[in-house]
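> Handing you this structure, nothing more for now.
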Amino acid sequence: MATDTTSLQLEKIFTDAEDFLPLNGTDYVELYVGNAKQAAHFYKTAFGFQGVAYAGLETGVKDRTSYVLQQGKIRLVLTSPLGEGGEINAHINKHGDGVKNVALWVDDAVKSFNETTSRGAEVAFEPKVMEDANGKVTLSAIKTYGETVHVFVDRSQYDGPFLPGFKKWESHYQPTDVGLKYVDHMVGNVDWGEMNKWVEFYAKVMGFAQLVSFDDKDISTEYTALMSKVMTNGNGRIKFPINEPAEGKKKSQIEEYIDFYSGAGVQHIAVATDDIVKTVSAMKDRGVEFLYVPDTYYDDLLDRVGDIDEDVAILREHGILVDRDDEGYLLQLFTKPVSDRPTLFFEIIQRKGAQSFGKGNFKALFESIEREQESRGTL
């Protein structure tokens with residue numbers, strides 16, 4: 001299930017992006033978690049991922065264990081420490097389970113490193129080559145918001161299950177997938193006054209363009225507000241919305257996240273499907289919990305978004321949200337947090353032409369999040 005390593009010449013659709021890297025897509029997302037074995041079982045059972053590769057004591061790794069899961073083009077790496085002390089324990093102690101590495105698939109990891117560090121990126125690690133019988137992979141990495149790292153991955157000369165040091169994970173338990181295809185976007189939450197700093201980082205250091213901007217008038221309820229700007233690379237394969245809190249009567253979801261995560265980090269991973277009703281239905285059957293949207297949201301849905309292919313009654317049954325832009329419409333739904341801390345969650349999204357992010361759903365979504373915050377006593 002290794003990613004196609006053919007070098008791509010992807011069409012540039014966002015002309016404002018400088019695109020000096022360039023980026024082919026998301027290679028993997030690595031989460032540091034308290035118990036990788038059990039987390040892997042959760043993502044297989046509930047989200048329909050399948051086991052691909054493993055590293056740990058049996059492969060000669062003494063300080064950590066990692067399970068690699070894949071569905072469509074989405075690859076998750078779940079890593080836990082094998083002893084006390086060290087970076088992984090410190091990360092989990094501070095943040096709980098959360099995203100550490102957002103790895104980006106590139107043609108040249110050395111060039112990507114040089115391009116970004118020469119523009120001011122802080123080094124996470126220098127370019128290095130990893131080799132085994134299946135070939136070699138070149139990696140390099142830079143630091144971003146909080147303790148989040150972007151790893152540049154050139155696997156054009158590798159044909160193994162994941163990376164050197166990993167072996168194929170042979171598991172008799174490979175549940176069927178739920179129709180998830182690829183990472184659509186990943187959202188970062190940053191602290192007060194930090195959004196523009198990181199928007200500038202992605203523009204200057206990585207050659208991204210600003211796709212859209214939302215202020216507290218766009219994203220607010222009676223009680224809370226936030227601001228967001230969406231950064232994209234030229235081919236649109238990598239989109240990073242950056243959120244920061246805005247003044248409101250009560251504590252916003254961004255503030256709650258920063259409090260419990262102890263700083264900036266990845267708030268949610270949006271994963272795409274071609275059939276959101278089928279995907280969400282399967283995930284619910286497997287125990288995934290989603291945010292609740294009141295029935296009244298659907299009373300005037302067609303007046304707001306126009307004609308759609310889906311049956312509104314079925315969307316109402318599953319709580320799926322709909323929004324339209326100039327290119328088409330999208331359907332989306334958000335899980336509740338996937339760990340005990342109210343931090344990381346997932347978005348399920350189906351795009352039917354729309355390039356936007358559901359602006360028309362913000363109020364309903366954030367009121368739903370506020371109900372969850374109130375139940376936690378953190379609103």
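Quick note: the coordinates plus some simple rules give every number you see, no bench work behind them. Since the model is a prediction, treat every value here as computed from it, not as a measurement. Cβ atoms come from the backbone with ideal geometry, glycine included; neighbour counts cover every protein chain shown.
> Considering the chain as a Gaussian network with a 10 Å cut-off on Cα pairs, which listed residue, Gly179, Gly193, Gly56, attains the greatest mean-square fluctuation?
With Cα springs under 10 Å in the chain, the top fluctuation among Gly179, Gly193, Gly56 is at Gly193.
> Another question about this same structure. So, with +1 on the Cβ of K and R and -1 on the Cβ of D and E, and no other charges, what is the size of the charge dipole of region 176-327 about its Cα centre, to the nearest 20 debye?
Dipole size: approximately 700 debye.
> Check which residues have an amide H placed less than 5 Å from Lys100's amide H, if you skip close sequence neighbours.
Hits under the 5 Å cutoff: Glu30, Leu31, Tyr32.
> Along Cα→Cβ, 7 Å out, is where each label goes; now give me the distance between the ones at Tyr292 and Thr15 in nm to one decimal.
A separation of 4.9 nm, rounded to one decimal place.
> Here's another thing I want to ask about it. Output ³J(HN,Hα) for region 114-124: one whole-Hz value per residue in order, computed from phi by the Karplus curve 6.51 cos²θ - 1.76 cosθ + 1.60 with θ = phi - 60°, and x for Gly and Pro.
With the stated coefficients, region 114-124 comes to 5, 4, 7, 5, 5, 9, x, 5, 7, 6, 8 Hz.
> In percent, what relative contact order does region 25-168 have, based on Cα pairs under 8 Å that are 6 or more apart in sequence?
Numbers: 315 pairs, mean separation 36.8, N = 144.
That works out to 26 percent.
> Most fluctuating residue of Phe125, Phe334, Phe162 in a GNM of the chain with Cα springs under 10 Å: which is it?
Among Phe125, Phe334, Phe162, the largest GNM mean-square fluctuation belongs to Phe125.
> Can you give the net charge of the other residues whose Cβ lies under 12 Å from the Cβ of Val29, counting K and R as +1 and D and E as -1?
+1
> Rg(Cα) of region 38-192 divided by 2.2 N^0.38 Å?
On the way: Rg = 16.1 Å, N = 155, 2.2 N^0.38 = 15.0 Å.
With N residues counted in region 38-192, Rg over 2.2 N^0.38 Å equals 1.08.
> Enumerate the amide H contacts of Gly234 below 5 Å, restricted to partners 5 or more residues apart or on another chain; note that Pro and chain-start residues carry no placed amide H.
Amide H neighbours of Gly234, under 5 Å, 5+ apart: Asp19.
> What does the charge add up to near Val102, with Lys and Arg as +1, Asp and Glu as -1, over the other residues with Cβ less than 14 Å from its Cβ?
+1
> Turning to a different aspect of this structure: Using the Cα centre as the reference, give the magnitude of the dipole from point charges on the C-beta atoms of the chain (Lys, Arg: +1; Asp, Glu: -1; all else neutral), rounded to the nearest 20 debye. Spell out each step's value before the answer.
Numbers: 41 positive and 60 negative charges, 196 e Å.
For this selection, approximately 940 debye.
> Is the C-alpha gyration tensor of region 265-356 telling us rounded, prolate or oblate? Criteria: a/c under 1.5 is rounded; beyond that, a/b larger than b/c is prolate, otherwise oblate.
Details: a/c = 1.82, a/b = 1.47, b/c = 1.24.
It is prolate, given that a/c is not under 1.5 and a/b is the larger ratio.
> Can I ask one more? Stokes-Einstein D for region 180-376 at 20 °C, 1.002 mPa s, Kirkwood Rh over Cα pairs, in µm²/s?
The diffusion coefficient I find is 125 µm²/s.
> Which whole-Hz ³J(HN,Hα) couplings does region 268-285 yield from phi under the Karplus relation 6.51 cos²θ - 1.76 cosθ + 1.60, θ = phi - 60°, glycine and proline marked x?
Karplus values, whole Hz, x for Gly and Pro: 8, 10, 8, 10, 8, 9, 8, 8, 5, 5, 5, 5, 5, 4, 5, 5, 4, 4.
> A follow-up question, please. Which whole-Hz ³J(HN,Hα) couplings does region 318-333 yield from phi under the Karplus relation 6.51 cos²θ - 1.76 cosθ + 1.60, θ = phi - 60°, glycine and proline marked x?
Karplus values, whole Hz, x for Gly and Pro: 9, x, 7, 8, 10, 8, 10, 10, 5, 8, x, 9, 9, 10, 8, 7.
> What lysines does Lys239 reach when the alpha-carbon gap must be under 19 Å and sequence neighbours fewer than 8 apart in one chain are set aside?
Answer for Lys239, where 19 Å is the Cα cut-off: Lys12, Lys73, Lys100, Lys143, Lys181, Lys197, Lys204, Lys229, Lys352, Lys359, listed by chain and number.
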